[in-house]
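Have a look at the structure below, then the notes.
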Amino acid sequence: MPVEMPSATPGAKVVADKPLRADARRNRDRLVEVAAAAFAEQGIDTSLEEIARRAGVGIGTLYRHFPTREHLVEVVYRREVEAVCAAAGELARQHPADMALEQWMQRFVDYIATKRGLSTSLRILITTNSTLFSDTSGRVSLALRGLVDAAVADGSIRGDVDSSDVLHALWGIYSAPDTKDWRDRSRRLVGLLMDGLRFGAKKSARDGG
């Protein structure tokens, strides 16, 4: 099961620069957004020139914000962790507990897709002094635990469910063969997993039983 690991030795660490102008901030945010999608679709071999082109900026602009590929990878990965963790709270506020859990697990598939695309550079970052893995370790599992605990508490999933088992099942998707239908197949697997979590539950949160 892939884990976020601490790292040590000098290397690609994102350095905090002086505040950016509004236009520069927009360019940087757009580059990160496009890079996340490109890495998820095409893997780490996606060219930086292609990312810059899709973001509507020149390659020089990309390198001003991200001097190396690993700088860009680190920012993209941090963004994905932030997004998947924030989604847990947002979904919990908007939906019944079991529906929030299911939708978050579907969102987790997108997170996994990006992480798979970044895997080569993430392994490089493990050997650097980047705080990436120590900063993010455990955050995703805590987000999932809150959703699982809420669904157990209201009886919409089985009472014997442990969030670490659910996370283990989800990480099994990460190691599945990288086929063209991987994402669709993964979403179907999430649906099957959710059916199993609901089986034998005391009630359905959706019908208030």
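The values are calculated or read from the model by the stated rules, or taken from the named source; none is laboratory data. Note that the structure is predicted; figures quoted are calculated from it, not measured. All Cβ positions, even for glycine, are placed from backbone atoms using ideal geometry, and neighbour counts span all protein chains on display. Quick note on the areas: whole protein, heavy atoms, side chains included, nothing else; ligands and nucleic acids left out. Shrake-Rupley method; radii C 1.70, N 1.55, O 1.52, S 1.80 Å.
State the number of residues belonging to the range 108-139 that are touching a Gly at 6+ places or on another chain (Cβ under 8 Å), buried (at least 21 other Cβ atoms within 10 Å of the Cβ) and part of a loop (DSSP other than H, G, I, E, B).
Matching residues across the range 108-139 total 1.
Just to be sure I understand, how many residues within the range 128-145 are out of contact with any Ser or Thr (no Cβ under 6 Å at 6 or more places or on another chain), more than 21 Å from residue 183 (Cα to Cα) and not small (Gly, Ala, Ser)?
6
Within the set of pairs 6 or more residues apart or between chains, which connect a residue that is modelled with pLDDT of 90 or more inside the range 162-189 to a residue that is among the polar types (S, T, N, Q) and not in a helix (DSSP H, G or I) with Cβ atoms less than 9 Å apart?
What qualifies is 185/179.
All but one of (1) touching a residue at least 12 places away in the same chain (Cβ under 8 Å); (2) closer than 23 Å to residue 179 by Cα hold for residue 31, so report the exception by its number.
The number of the failed condition is (2).
Criterion first (modelled with pLDDT of 85 or more, surrounded by 14 or more Cβ atoms within 10 Å (Cβ to Cβ), β-branched (Val, Ile, Thr) and under 19 Å from the mean Cα position of the chain (by Cα)) does residue 46 satisfy it?
yes
Under the condition of being among the hydroxyl-bearing types (Ser, Thr, Tyr) and open to solvent by 40 Å² or more (accessible area, probe 1.4 Å), which residue from the range 60-107 is modelled with the highest pLDDT?
Restricting to residues being among the hydroxyl-bearing types (Ser, Thr, Tyr) and open to solvent by 40 Å² or more (accessible area, probe 1.4 Å), the top hit is 63.
Just the residues that are under 16 Å from the mean Cα position of the chain (by Cα), open to solvent by less than 20 Å² (accessible area, probe 1.4 Å) and of a type outside the set (A, V, I, L, M, F, W, C), please, taken from the range 149-200.
186
Take the conditions within 14 Å of the chain's Cα centre (by Cα) and loosely packed, with under 14 Cβ neighbours inside 10 Å and apply them to residue 142. Does it pass?
Values: within 14 Å of the chain's Cα centre (by Cα): yes; loosely packed, with under 14 Cβ neighbours inside 10 Å: yes.
Against the criterion (within 14 Å of the chain's Cα centre (by Cα) and loosely packed, with under 14 Cβ neighbours inside 10 Å), residue 142 qualifies.
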